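Quick notes on the structure that follows.
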Amino acid sequence: MKNTLRQIFHSPKFVTGFVLFVVILLTLFIYPLFNPGNPLQMIGLSSFSKPGTYVSVYDSIDTETATMKLPGADERRLTNKLKDEDRVAMKEWLIAIGISEETIDITDTDGLLELWKANYDPTMKPAGMTMATRNYYKRLNAGLEQSLDAEGAIIASKNPETGELEESKVVNTTDYVNTNDVVNRIHLPLGTDNFGRDVLKELVSAAKSSLTIGFIAGSIATLIGLSFGLLSGYLGGFVDDFIMFITNLFTVIPSFILLILISYSIGQEDRGFTTVAIVIGMTSWTWTCRSVRSQVISLRNRDHVNLSKLSGHSLGRIIITDILPYIASYVVMAFILQVSTAILSEAQLSMIGLGPRTTEVPTLGLMMNWSMLYSAHTHGYWWAYYPVLLIIALMSFSLNLMNTGLDQVFNPTLRD
């Protein structure tokens, strides 16, 4: 046993996959200790908030400020003010009034603003330009002038006696607040999803749920496939023909089609993640059964098996003590592959709306389904789906790498 473990942990592929999988597991169980709470809690009223640290604007007004003059602050403020569509619109105006296109560089903020200040006239009416478009340019110019000439933003409050608005504070461009001093703040490394939920907290919970589904489904599929494969391979005859008939019947019908039909027939309200795991496990055991059967057929006429038969040992004892230990390594590899397959199957089911019900726990497939329904991929909200794809890929990659490493250890034809 020690020698076997030493060989396993000397396999670079197995060690790499094992370490990666352990890191994923530790993250899934440790992160909730630092960020507890319901992963489906809606903390944002707006959808798809960008990743970053958010502080309360209301609380920051009364937070003590520090005066700073950061190099290039004004330039960055102007660059951020001018969106790409605004730059293109400014170029179109300048060309419309006769400025050569070669002299306009929309990536040069200072040069573009100089041209704009020197040539823009709100009273001009370029040919073919509608009033709505001219009003857009007036608003754009007013915003630029405010940014260029900004001396501070005035905060007004209502006088309790007169009811009139009075200046209560001036926020200068050089005023900065320490985010640690703001009472209400939140750090969202992956932003929020379409429901305003913390994507990172949801992702950790979803990965744990998908992994649980994988282990349950993998255990069921491996147990069914192992039981049928042992009986079919050892007994042969009518039992073998009957089991292989059932196996071939399931093999002919694509397992994913069976998953869709069964999941649809169960109904949304009854599809908990345990139910989905059981369905996946009961439809993905066939290849394990066929593989175990072929292994057992090569073992059933070995000398030690024949000796057990002559000794009058029971069927169960022969299978458990004389056959199963010789294929134990193969069973472990089959289980690892079944877990990986189940995780992917759940993701596929959930993406088409046939996964677990959405009101209890998230899964990786459900997160992909939500991001697709709300067109995150078309609007550039990458944080809603890229992390999900990455964690699915990492879990599958680590499991398959572990399986490859085990195969190189236990398969004589693959040893160096």
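All of the numbers you see were taken from the coordinates with simple rules; none came from a lab. Quantities reported herein were computed from a predicted structural model and do not represent experimental measurements. Glycine gets a Cβ as well: all are built from the backbone with ideal geometry, and neighbour counts include every protein chain shown.
Rank the residues Thr363, Thr173, Thr4 as a footprinting-exposure proxy: fewest other Cβ atoms within 10 Å of their Cβ go first. Working shown, then result.
Numbers: Thr363 28, Thr173 14, Thr4 11.
Listing Thr363, Thr173, Thr4 from fewest to most nearby Cβ atoms yields Thr4, Thr173, Thr363.
Under a point spin-label approximation (7 Å from Cα along Cα-to-Cβ), what is the Leu390-Lys125 distance to one decimal in nm?
A separation of 5.5 nm, rounded to one decimal place.
Place a +1 charge on the Cβ of each Lys and Arg in the chain and a -1 charge on the Cβ of each Asp and Glu, then give the dipole magnitude about the Cα centre in debye, rounded to the nearest 20.
Working: 31 positive and 38 negative charges, 491 e Å.
That gives the chain a dipole magnitude of about 2360 debye.
Along the charge dipole of the chain, which of Thr103, Leu203, Ile8 sits closest to the positive end, that is, farthest toward it, with unit charges on the beta carbon of Lys, Arg, Asp and Glu (+1, +1, -1, -1)?
After comparing all options, I get Ile8.
Taking R0 as 22 Å, what FRET efficiency do you get between His304 and Phe245 from their Cβ-Cβ distance, rounded to the nearest 0.05? Intermediate results must be reported in sequence, preceding the final value.
Working: r = 31 Å, r/R0 = 1.39.
Here the calculated transfer efficiency is 0.10.
Dipole magnitude of the range 108-256 about its Cα centre, charges +1 at Lys/Arg Cβ and -1 at Asp/Glu Cβ only, in debye to the nearest 20?
Charge dipole, the range 108-256, about its Cα centre: 520 debye, nearest 20.
Which value, in debye to the nearest 20, gives the size of the charge dipole of the range 52-107 about its Cα centre, when Lys and Arg are +1 and Asp and Glu are -1 at the Cβ?
Roughly 100 debye for the range 52-107.
At 7 Å along Cα-to-Cβ for each site, give me the label-to-label distance between Ser219 and Asp62 in nm.
5.4
Tell me which DSSP H helices of the chain clear both cut-offs, 24 Å or more of axial length from alpha-carbon atoms and a mean Kyte-Doolittle hydropathy of at least -0.5.
Going by DSSP H runs, the hits are 12-34, 199-235, 328-351, 386-410.
At what distance in nm do the modelled label points of Val183 and Ile99 sit from each other, each positioned 7 Å from its Cα along Cα→Cβ?
Result: 4.7 nm between the two label points.
Assuming 0.36 nm per residue, please report the length gained on full extension of the stretch Phe195 to Phe238 beyond their Cα-Cα distance. Spell out each step's value before the answer.
Numbers: separation 43, 0.36 × 43 = 15.48 nm, distance 5.64 nm.
So the chain would gain 9.8 nm between Phe195 and Phe238.
Contour minus end-to-end for Ile43 and Ser314, with contour as 0.36 nm per residue of separation and end-to-end as the Cα-Cα distance?
91.4 nm
Please report the Cα spread of the range 279-327 along all three principal axes, rounded to whole Å, starting with the longest.
Principal-axis extents of the Cα atoms in the range 279-327, largest first: 41, 18, 13 Å.
From the cross-link list Lys91/Lys117; Lys50/Lys83; Lys81/Lys125; Lys83/Lys117; Lys83/Lys138, which pairs have alpha carbons spaced over 23 Å apart?
Working: Lys91/Lys117 13 Å; Lys50/Lys83 17 Å; Lys81/Lys125 25 Å; Lys83/Lys117 17 Å; Lys83/Lys138 16 Å.
Listed pairs above 23 Å: Lys81/Lys125.
Given a Förster distance of 22 angstrom, what is the FRET efficiency for Asn400 paired with Leu261, based on the Cβ-Cβ distance and rounded to 0.05? Walk me through the numbers on the way to the answer.
Details: r = 28 Å, r/R0 = 1.27.
The calculated FRET efficiency here is 0.20.
Given a Förster distance of 30 angstrom, what is the FRET efficiency for Leu5 paired with Phe34, based on the Cβ-Cβ distance and rounded to 0.05?
The value I calculate is 0.35.
What is the mean projected area of the alpha carbon convex hull for the chain, to one decimal in square nanometres?
Computed as one quarter of the Cα hull surface, the answer is 34.4 nm².
Over the chain, calculate the relative contact order: mean separation of alpha carbon pairs under 8 Å at least 6 apart, over the residue count, as a percent.
25
Suppose the chain between Ser168 and Leu373 were pulled fully straight at 0.36 nm per residue; how much longer would it get relative to their current alpha carbon spacing? Write out the running numbers ahead of the final one.
Details: separation 205, 0.36 × 205 = 73.80 nm, distance 4.57 nm.
This chain segment gains 69.2 nm when fully extended.
Based only on Cα atoms, what mean projected area does the convex hull of the range 61-188 have, in nm²?
Value for the range 61-188: 12.1 nm².
Which of the trypsin sites (Lys or Arg not before Pro) found in the range 44-102 are loop residues per DSSP with 12 or fewer other Cβ atoms within 10 Å of their Cβ?
Lys69, Lys83
Quick one: compute the contact order of the range 61-188, relative version, from alpha carbon pairs under 8 angstrom and 6+ residues apart, as a percent.
The value is 32 percent.
So for the range 61-188, taking the charge dipole from beta-carbon charges (+1 Lys/Arg, -1 Asp/Glu), which of Tyr176, Ser157, Ala142 sits furthest toward the positive end?
Checked the options; the winner is Ala142.
For a footprinting-style exposure proxy, rank Phe250, Phe238, Phe29, Phe335 by other Cβ within 10 Å, fewest first.
Ascending Cβ contact count within 10 Å gives the list Phe238, Phe29, Phe250, Phe335.
I'd like to compare 293-306, 275-288: which one has the highest average count of other Cβ atoms within 10 Å, and what's the full order after that? Provide the component values of the computation, followed by the final result.
Working: 293-306: 14.9, 275-288: 23.0.
Final packing ranking: 275-288, 293-306.
From the phi of every residue in the range 157-162, what ³J(HN,Hα) in whole Hz does the Karplus formula 6.51 cos²θ - 1.76 cosθ + 1.60 yield, where θ is phi - 60° and glycine or proline is x?
3J(HN,Hα) across the range 157-162, in whole Hz: 10, 7, 6, x, 8, 8.
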